[in-house]
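Q: One structure coming up, written as structure tokens, with questions to follow.
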Amino acid sequence: MPEHRLKVFITGASSGLGAALARHYGAQGARLGLVGRNAGALAAVVEGLDASRYIADVRDAAAMRAAAEGFLAEVGCPDIVIAAAGISVGTLTEEAADAAVFRAVMDANVLGLVHTFGPFIAPMQAAKRPVGGVLCGISSVAGVRGLPGGSAYSASKAAATVYLEALRLEQKRHGIAVVTVAPGYIDTPMTQVNPYPMPFKMSAATAAAKVAHCIARRRPHSVIPWQMAAVAPVLEWLPVRVYDALFEKAPRKPRGLPT
């Protein structure tokens, strides 16, 4: 009997962690469906991989459903769906222009998960595999506490973590694993604009390998790397006065329009 080839659907695949995940699974011989907004960059990632590409924005529910339906028709029901697309940009509530940025960040980082997973859940439930599929959402350590100047991003990642937890409980009886991975800093275009030190920063390839490790073990929730996994619970349980004193004047991510 021929060995089963993994079928993996990944969003945010035109750059950063999503592209690194595509290369990681591609090197294992997986059949890929890759979603991105930048056609040229996505074409470069796909080169040399057994992959179908879909130009779509995760904020667009109809476009994501079309991409999912294309993958289901061409490749079949995925074993793994990874929602790696996201937006990170500095925001300030008092700046009227940032209201649209808040919406873009929340739409991409929260509703983007819904738009990515939604079309695949019924087919994965119906697949009746000995081991059910995996839905993996990329959250962030930034969702543990609110970061000044990053209110939209922190709020979106906190919401993503709680959404994924609820989804995990909903899908347990169907044998589908929902895996939440909360990375610290990854060396990608998203972080390369940050004007401050980034402790425990990982390469995108290293982060992709760690995410794949979590998926393979169907871990409900993981913080990566291990150093951030040690720091995150400390941050979570710091008293408000202590947290405020430490982070009130922390350096901030630059404001701007999402790219």
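We did not get these values from a lab; they are worked out from the coordinates using the rules stated. Computed from a prediction, not measured in an experiment: that's the story for all the values here. Don't worry about glycine lacking a Cβ; one is built from the backbone with ideal geometry, like all the others, and counts go over all protein chains shown.
Q: If the viscosity is 1.002 mPa s and the temperature 20 °C, what translational diffusion coefficient in µm²/s does Stokes-Einstein give for the chain when Rh comes from Kirkwood over Cα pairs? Present the calculation step by step, with values, prior to reporting the outcome.
A: Values: Rh = 18.6 Å.
Roughly 115 µm²/s, to the nearest whole number.
Q: Sort His24, His174, His4 so the one with the fewest other Cβ atoms within 10 Å of its own Cβ comes first. If you can, show how the numbers build up before the last one.
A: Working: His24 20, His174 16, His4 8.
Taking fewest neighbouring Cβ atoms as first place, the list is His4, His174, His24.
Q: I want the local charge near Ile87. Using Cβ-Cβ distances under 15 Å, sum +1 for each Lys or Arg and -1 for each Asp or Glu among the other residues. Don't jump to the answer; show the numbers that get you there.
A: On the way: positive: Arg37, Arg59, Arg103, Lys157, Lys253, Arg255; negative: Asp57, Asp60, Asp98, Asp107.
Overall, the nearby charge balance is +2.
Q: Hey, can you grab everything whose amide H is under 5 Å from the amide H of Thr91? Only 5+ residues off in sequence or another chain; H modelled, so Pro and N-termini drop out.
A: Here Gly150, Ser151, Ala152 satisfy the definition.
Q: Right, here's the next one. Pick out which of Ala19, Ala99, Ala159 has the largest mean-square fluctuation in a Gaussian network model of the chain, springs linking Cα atoms closer than 10 Å.
A: Among Ala19, Ala99, Ala159, the largest GNM mean-square fluctuation belongs to Ala99.
Q: Give the residue list of trypsin sites (Lys or Arg not before Pro) in segment 123-180 that are DSSP loop and have at most 12 other beta-carbon atoms within 10 angstrom.
A: Working: sites: Lys128, Arg145, Lys157, Arg168, Lys172, Arg173; in loops: Lys128, Arg145.
Filter output for segment 123-180: Lys128.
Q: Still on this model: What's the lysine pair count for segment 153-259 at a Cα cut-off below 27 Å, pairs eight or more apart or interchain?
A: Final tally of qualifying lysine pairs is 10.
Q: Run through segment 72-109 and list the GluC sites (Glu not before Pro) located in a DSSP loop whose Cβ has at most 14 other Cβ atoms within 10 Å.
A: Working: sites: Glu74, Glu94, Glu95; in loops: Glu94, Glu95.
Taking segment 72-109 and a limit of 14 other Cβ atoms within 10 Å, the loop GluC sites (Glu not before Pro) found are Glu94, Glu95.
Q: Still on this structure, I have one more. On average over all directions, what projected area in square nanometres does segment 16-84 have, based on the convex hull of its Cα atoms? Walk me through the numbers on the way to the answer.
A: Values: hull surface 17.1 nm².
Projected area, direction-averaged: 4.3 nm².
Q: Could you pull out every residue, at least 5 positions away or on a different chain, whose amide H is within less than 5 Å of the one on Cys77? Hs are placed 1.01 Å off N in the peptide plane, and Pro or chain starts have none.
A: none
Q: Scan around Ala51 for amide H atoms under 5 Å from its own, H built in the peptide plane at 1.01 Å from N, and keep only partners 5 or more places away or cross-chain.
A: Residues meeting the amide H criterion: Leu32.
Q: Rg(Cα) of segment 114-259 divided by 2.2 N^0.38 Å? Before the final figure, lay out the partial values.
A: Working: Rg = 16.8 Å, N = 146, 2.2 N^0.38 = 14.6 Å.
That ratio works out to 1.15.
Q: Relative to the longest principal Cα axis of the chain, at what angle does helix 151-171 sit, 0 to 90 degrees, rounded to 10?
A: 40
Q: Neighbour counts of other C-beta atoms within 10 Å: give me Glu236, Glu248 arranged from fewest to most. Provide the component values of the computation, followed by the final result.
A: Working: Glu236 11, Glu248 8.
Listing Glu236, Glu248 from fewest to most nearby Cβ atoms yields Glu248, Glu236.
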